[in-house]
1. Compare Arg66, Arg192, Arg112 in a GNM of the chain, Cα atoms joined below 10 Å, and give the one with the largest fluctuation.
2. Using a 1.4 angstrom probe and counting only protein chains, how large is the accessible area of Glu42 in Å², to 10?
3. Once the whole set of protein chains is in place, how much accessible area is left on Ile51, using a 1.4 Å probe, in Å² to the nearest 10?
4. May I ask for the distance between the Cα centers of region 32-98 and region 163-202, given as a whole number of Å?
5. Between Leu81, Leu62, Leu26, where does the largest GNM mean-square fluctuation fall for the chain, given springs only between Cα atoms within less than 10 Å?
6. Top mean-square fluctuation among Lys45, Lys184, Lys82, Gaussian network model of the chain, C-alpha springs under 10 Å?
7. Would you mind computing, in nm to one decimal, how far apart the modelled labels at Val177 and His149 are, each placed 7 Å from Cα along Cα→Cβ?
8. The list [x] 62; [y] 49; [z] 54 gives values of percent of Cα pairs over 24 Å apart, and only one came from this structure; which label was calculated from it?
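The values are calculated or read from the model by the stated rules, or taken from the named source; none is laboratory data. Fair warning: this is a prediction, and the values are worked out from it, not measured in the lab. Cβ coordinates were reconstructed from backbone atoms using ideal geometry, including for glycine residues, and neighbour counts include every protein chain displayed. Accessible surface is based on the protein model in full, side chains and every heavy atom, while ligands, DNA and RNA are left aside. Shrake-Rupley method; radii C 1.70, N 1.55, O 1.52, S 1.80 Å.
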Amino acid sequence: CRAILAVLNRPPKALGSEKTALPRRLRAGRDALANEGDAPPELVKQIAGVIDFVETVERLVLQQARVVGATMTRLYTSTQLKSLRSDAVLVDEASVASLPLAFIAACPARRRAIAIGDFMQLPPIVLSRDQRARQWLGTHVFASADCHHPERDHPLRAMLEEQWRMVPEIAEPVSQVFYAGRLKTAPRLRDRPRAGSAVILLD
């Protein structure tokens, strides 16, 4: 066990940061030992056994979990998550996700996939200048479903029209410019007494 811990305490460049998943750090440690040539075969074998044990525990936890949270990238890079199946999938900040990522995220859903996000905020980030790449990677699910027009309702979209983040002086121009005047301030926030002005315009 001490030998395995020593492997995990190698320089960060070899094993990644402490945030790196334990199985990945163990595999990197095992590979580093194997490349040294003089590593005890028994130690390499022990580390392989620990890797198998950790991956088995991860698989069991996933099978019994009622809710699983993951980044979109992990859904297609994690061996464990590739086989995940679920009744429903919720994709948060969906306006930032490109269509391929959103589709990958929706694949585990047996019944429904729900996209949550504000398509009037940040779009997917695309670095490529290729027009086809920009078309597919720069489009989000709301635009794909043609429900990204705030001025009209759509059967696939439910708009949350009450906001609690901004005072009325800030919320009102935002509502008029971006949300066709449909974004309303919550009464408790609107009626709260405030000292001074929330907005100052400087020419």
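1. In this elastic network of the chain, the residue with the biggest mean-square fluctuation among Arg66, Arg192, Arg112 is Arg192.
2. Surface open to solvent at Glu42 totals about 110 Å².
3. About 10 Å², rounded to the nearest 10.
4. Distance between centres, Cα-based: 44 Å.
5. Leu26
6. Lys45
7. 2.3
8. [x]
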